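Here the structure comes first, spelled out in structure tokens, and everything after it is commentary.
Bear in mind these aren't lab numbers, they're just calculated from the coordinates by the rules spelled out. The shown structure was predicted, so the numbers you read here are calculated from the model rather than taken from an experiment. So basically every Cβ, Gly included, is an ideal-geometry build from the backbone, and we count neighbours across all protein chains shown.
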Amino acid sequence: MKLKRTIFITSMLFILTVMIISYTKISGRSSENDPMLLEQPSDRCTVYMVGKNASADGSVMTTHSADCGVCDWTWRHVPAADYKPGSTRKIYHITPQGGEALREGLLAALSSPQPCHTSFSIGIGNLPFLGNTETIAALRKYRSALNSRLEHVKGRRQDQQPLPYFVEALFDYSLTMIEAELKWTDKFLAQLEAIDE
């Protein structure tokens, strides 16, 4: 069984290597003219593939950790069908114009605060339709949910360390927003509770 497993894994790695080399030669793509083929640190990614003869229950498993910031490692599902000989699936790549549009959109998103319209804002704007006691109960429930979300996000952040700086920034931003919302909710609840006394 071990020999079969070793042969299978070696064969899969050989086929993958041949496919990559053939693709770059046939397509004419190279690291000089394609950012997707830029040399990446070789010690950053790992692929695990387990065939049905190599797993205890006959399962086929695969996983891949990819730390390449510019690579597209998404898996594609190609449905089973009778395809014409020589037919290929169309593969889309970002064009220079698309890359520039992406860059402009990202810069606009990072430089212009956007209004945030939520159902919570609608609720606050319509408090006169509710009694003080039920408003306080609802806001306490909201505060509890915020505390749960805060702990969840902190846990997710901790579980995935170390993180790239931009992912760390996303977590930090989310936590900062939740903490600010908690601070505001506590302050407003204190005002309502003072009225209720």
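Details
- FRET efficiency estimate (nearest 0.05) - Cβ-Cβ, Phe166 to Arg140, R0 45 angstrom: 0.80
- Sites Asp57 and Glu179 - FRET efficiency at Förster radius 45 Å, r taken between beta-carbons, to 0.05: 0.50
- Summed residue charge, Cβ within 12 Å of Lys154's Cβ, Lys/Arg positive, Asp/Glu negative: -1
- With 0.36 nm allotted per residue and the present C-alpha distance subtracted, the Phe120-Ala194 stretch has 24.5 nm of extension available.
- Ser112 versus Asn147: modelled label distance in nm, points set 7 Å from Cα along the beta carbon direction: 4.0
- Label-to-label distance for Lys154 and Lys187 is 2.1 nm, based on points extended 7 Å past Cα in the beta-carbon direction.
- Packing here is the average count of other Cβ atoms within 10 Å per residue, and on that basis the peptides 104-113, 118-127, highest first, run 118-127, 104-113.
- Using C-alpha pairs below 8 Å separated by at least 6 residues, the relative contact order for the range 111-196 is 42 percent.
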